[in-house]
Amino acid sequence: MQDKTWPLALIVEDEALLALAVEDLLTEEGFDTLCATSEEQVLALTPAAGPLAVAVVDLRLGGDLAGQRIIRALRMQIPDLPVVVVTGFGHDAPEADLRGLGWPTVRLPKPADYGALAAAVWNVLDQARTGRRPTVSRRTADQPATEQDGRSGKIPTIRPL
(Lines give C-alpha, C1' and ligand atoms only; values in the text may rest on other atoms or scores of the structure.)
Protein backbone atom coordinates (compact mmCIF):
# COMPACT_ATOMS: atom_id res chain seq x y z
CA MET A 1 0.00 0.00 0.00
CA GLN A 2 1.31 3.44 -0.97
CA ASP A 3 1.52 6.26 1.59
CA LYS A 4 -0.71 9.18 0.70
CA THR A 5 0.83 12.63 0.92
CA TRP A 6 -1.69 15.31 1.79
CA PRO A 7 -1.22 18.96 0.89
CA LEU A 8 0.13 21.03 3.77
CA ALA A 9 -1.88 23.96 5.13
CA LEU A 10 -0.36 26.54 7.46
CA ILE A 11 -2.74 27.95 10.07
CA VAL A 12 -1.69 31.19 11.77
CA GLU A 13 -4.12 32.00 14.57
CA ASP A 14 -3.47 33.10 18.15
CA GLU A 15 -6.88 32.09 19.53
CA ALA A 16 -6.48 28.41 20.48
CA LEU A 17 -10.11 27.36 19.99
CA LEU A 18 -10.28 28.97 16.54
CA ALA A 19 -6.96 27.39 15.55
CA LEU A 20 -8.23 23.96 16.59
CA ALA A 21 -11.50 24.46 14.70
CA VAL A 22 -9.62 25.50 11.54
CA GLU A 23 -7.25 22.56 11.96
CA ASP A 24 -10.19 20.13 12.27
CA LEU A 25 -11.87 21.60 9.21
CA LEU A 26 -8.76 21.45 7.03
CA THR A 27 -8.01 17.92 8.17
CA GLU A 28 -11.55 16.92 7.14
CA GLU A 29 -10.92 18.63 3.79
CA GLY A 30 -7.83 16.44 3.20
CA PHE A 31 -4.95 18.63 4.40
CA ASP A 32 -2.08 18.03 6.76
CA THR A 33 -1.77 21.08 9.00
CA LEU A 34 0.91 23.11 10.66
CA CYS A 35 -0.21 25.60 13.32
CA ALA A 36 1.53 28.74 14.51
CA THR A 37 0.36 31.40 16.93
CA SER A 38 2.90 34.14 16.20
CA GLU A 39 5.13 35.64 13.56
CA GLU A 40 8.18 34.12 15.30
CA GLN A 41 6.69 30.61 15.16
CA VAL A 42 5.88 30.95 11.47
CA LEU A 43 9.43 32.02 10.67
CA ALA A 44 10.85 29.15 12.74
CA LEU A 45 8.51 26.39 11.54
CA THR A 46 7.98 26.96 7.83
CA PRO A 47 11.49 26.47 6.43
CA ALA A 48 11.59 22.83 7.60
CA ALA A 49 7.88 22.08 7.10
CA GLY A 50 7.95 21.15 3.43
CA PRO A 51 6.01 22.75 0.61
CA LEU A 52 2.93 24.67 1.70
CA ALA A 53 -0.24 24.35 -0.38
CA VAL A 54 -2.18 27.13 1.37
CA ALA A 55 -2.00 29.42 4.39
CA VAL A 56 -4.90 30.59 6.56
CA VAL A 57 -3.72 33.73 8.36
CA ASP A 58 -5.42 35.92 10.96
CA LEU A 59 -4.42 39.55 10.43
CA ARG A 60 -4.30 40.48 14.12
CA LEU A 61 -2.15 38.34 16.35
CA GLY A 62 -1.68 39.30 19.98
CA GLY A 63 -2.91 42.83 19.36
CA ASP A 64 -0.47 43.40 16.50
CA LEU A 65 -1.09 43.42 12.74
CA ALA A 66 1.53 40.68 12.32
CA GLY A 67 -0.58 38.83 9.74
CA GLN A 68 0.43 41.25 6.99
CA ARG A 69 4.14 40.81 7.80
CA ILE A 70 3.67 37.03 7.87
CA ILE A 71 2.04 37.03 4.43
CA ARG A 72 4.91 39.16 3.04
CA ALA A 73 7.50 36.79 4.55
CA LEU A 74 5.72 33.69 3.22
CA ARG A 75 5.40 35.19 -0.23
CA MET A 76 9.10 36.03 -0.30
CA GLN A 77 9.69 32.27 -0.02
CA ILE A 78 6.67 31.13 -2.08
CA PRO A 79 5.53 34.03 -4.32
CA ASP A 80 2.27 32.43 -5.47
CA LEU A 81 1.25 30.86 -2.15
CA PRO A 82 -2.56 30.83 -1.87
CA VAL A 83 -3.59 32.70 1.29
CA VAL A 84 -6.93 32.98 3.05
CA VAL A 85 -6.93 36.04 5.30
CA VAL A 86 -9.29 35.81 8.26
CA THR A 87 -10.03 39.13 9.90
CA GLY A 88 -12.45 40.75 12.29
CA PHE A 89 -11.82 44.11 10.62
CA GLY A 90 -14.53 45.43 8.33
CA HIS A 91 -14.05 45.15 4.58
CA ASP A 92 -13.15 48.85 4.19
CA ALA A 93 -11.07 49.17 7.39
CA PRO A 94 -7.54 50.45 6.76
CA GLU A 95 -6.19 47.63 8.94
CA ALA A 96 -7.65 45.09 6.53
CA ASP A 97 -5.91 46.56 3.49
CA LEU A 98 -4.30 43.67 1.61
CA ARG A 99 -2.88 45.67 -1.29
CA GLY A 100 0.75 44.92 -1.92
CA LEU A 101 0.60 41.48 -0.29
CA GLY A 102 0.42 39.54 -3.55
CA TRP A 103 -2.01 37.10 -5.06
CA PRO A 104 -3.88 34.73 -4.81
CA THR A 105 -5.58 35.96 -1.66
CA VAL A 106 -9.12 35.57 -0.36
CA ARG A 107 -10.43 37.66 2.54
CA LEU A 108 -12.87 36.06 4.97
CA PRO A 109 -14.63 37.97 7.77
CA LYS A 110 -14.30 36.64 11.29
CA PRO A 111 -16.08 34.74 12.67
CA ALA A 112 -16.43 32.49 9.65
CA ASP A 113 -18.44 29.32 9.58
CA TYR A 114 -16.92 26.02 8.47
CA GLY A 115 -18.60 26.09 5.07
CA ALA A 116 -17.36 29.59 4.25
CA LEU A 117 -13.81 28.79 5.33
CA ALA A 118 -13.69 25.55 3.34
CA ALA A 119 -15.08 27.36 0.28
CA ALA A 120 -12.50 30.15 0.68
CA VAL A 121 -9.63 27.65 0.87
CA TRP A 122 -10.78 25.82 -2.27
CA ASN A 123 -11.46 29.16 -4.01
CA VAL A 124 -7.95 30.50 -3.41
CA LEU A 125 -6.42 27.17 -4.47
CA ASP A 126 -8.51 27.29 -7.66
CA GLN A 127 -7.34 30.85 -8.34
CA ALA A 128 -3.73 29.71 -7.98
CA ARG A 129 -4.27 26.68 -10.23
CA THR A 130 -6.15 28.46 -13.00
CA GLY A 131 -4.68 31.97 -12.77
CA ARG A 132 -8.25 33.32 -12.62
CA ARG A 133 -8.42 36.46 -10.52
CA PRO A 134 -11.65 37.45 -8.76
CA THR A 135 -13.65 40.24 -10.35
CA VAL A 136 -15.77 41.16 -7.32
CA SER A 137 -15.28 41.78 -3.61
CA ARG A 138 -12.90 44.70 -4.00
CA ARG A 139 -12.86 47.17 -1.15
CA THR A 140 -14.71 50.40 -1.91
CA ALA A 141 -11.49 52.24 -1.08
CA ASP A 142 -9.68 50.16 -3.73
CA GLN A 143 -12.15 50.92 -6.52
CA PRO A 144 -11.20 53.58 -9.04
CA ALA A 145 -12.85 56.88 -8.19
CA THR A 146 -15.51 58.19 -10.56
CA GLU A 147 -17.60 61.34 -10.79
CA GLN A 148 -20.79 59.23 -10.84
CA ASP A 149 -20.24 57.64 -7.44
CA GLY A 150 -19.23 60.94 -5.87
CA ARG A 151 -15.59 59.93 -5.48
CA SER A 152 -13.89 62.01 -8.13
CA GLY A 153 -10.47 61.65 -6.64
CA LYS A 154 -10.44 65.39 -5.88
CA ILE A 155 -9.80 66.58 -2.37
CA PRO A 156 -13.09 67.90 -0.97
CA THR A 157 -13.31 71.50 0.10
CA ILE A 158 -13.98 71.91 3.81
CA ARG A 159 -16.14 74.86 4.57
CA PRO A 160 -16.40 76.46 8.02
CA LEU A 161 -19.74 76.14 9.80
Would you mind telling me which numbered condition in (1) farther than 20 Å from ASN123 by Cα; (2) touching a residue at least 40 places away in the same chain (Cβ under 8 Å); (3) of a type outside the set (A, V, I, L, M, F, W, C) PRO82 fails? (1)
Those residues of segment 78-117 that are farther than 23 Å from LEU8 by Cα, of a type in the set (D, E, K, R) and surrounded by 13 or more Cβ atoms within 10 Å (Cβ to Cβ) come to a total of 2
Going by the structure shown, is VAL106 modelled with pLDDT of 90 or more and not acidic (Asp, Glu)? no
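Condition first: among the β-branched types (Val, Ile, Thr) and in contact with a Cys (Cβ under 7 Å, 6 or more places away or on another chain). Now tell me which residues in segment 2-46 satisfy that. Even if it seems obvious, please write down each step before you answer.
Filtering segment 2-46 down to residues among the β-branched types (Val, Ile, Thr) leaves 5, 11-12, 22, 27, 33, 37, 42, 46.
The answer is ILE11, and nothing else.
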For segment 68-116, the count of residues that are in contact with a helix residue (DSSP H, G or I) (Cβ under 6 Å, 6 or more places away or on another chain), within 18 Å of GLU29 (Cβ to Cβ) and among the aliphatic types (A, V, I, L, M) equals 5
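The values are calculated or read from the model by the stated rules, or taken from the named source; none is laboratory data. As the structure is a prediction and not an experimental result, all values here were calculated from the model. In this analysis, Cβ positions are derived from the backbone assuming ideal geometry, glycine residues included, and neighbour counts consider all displayed protein chains.
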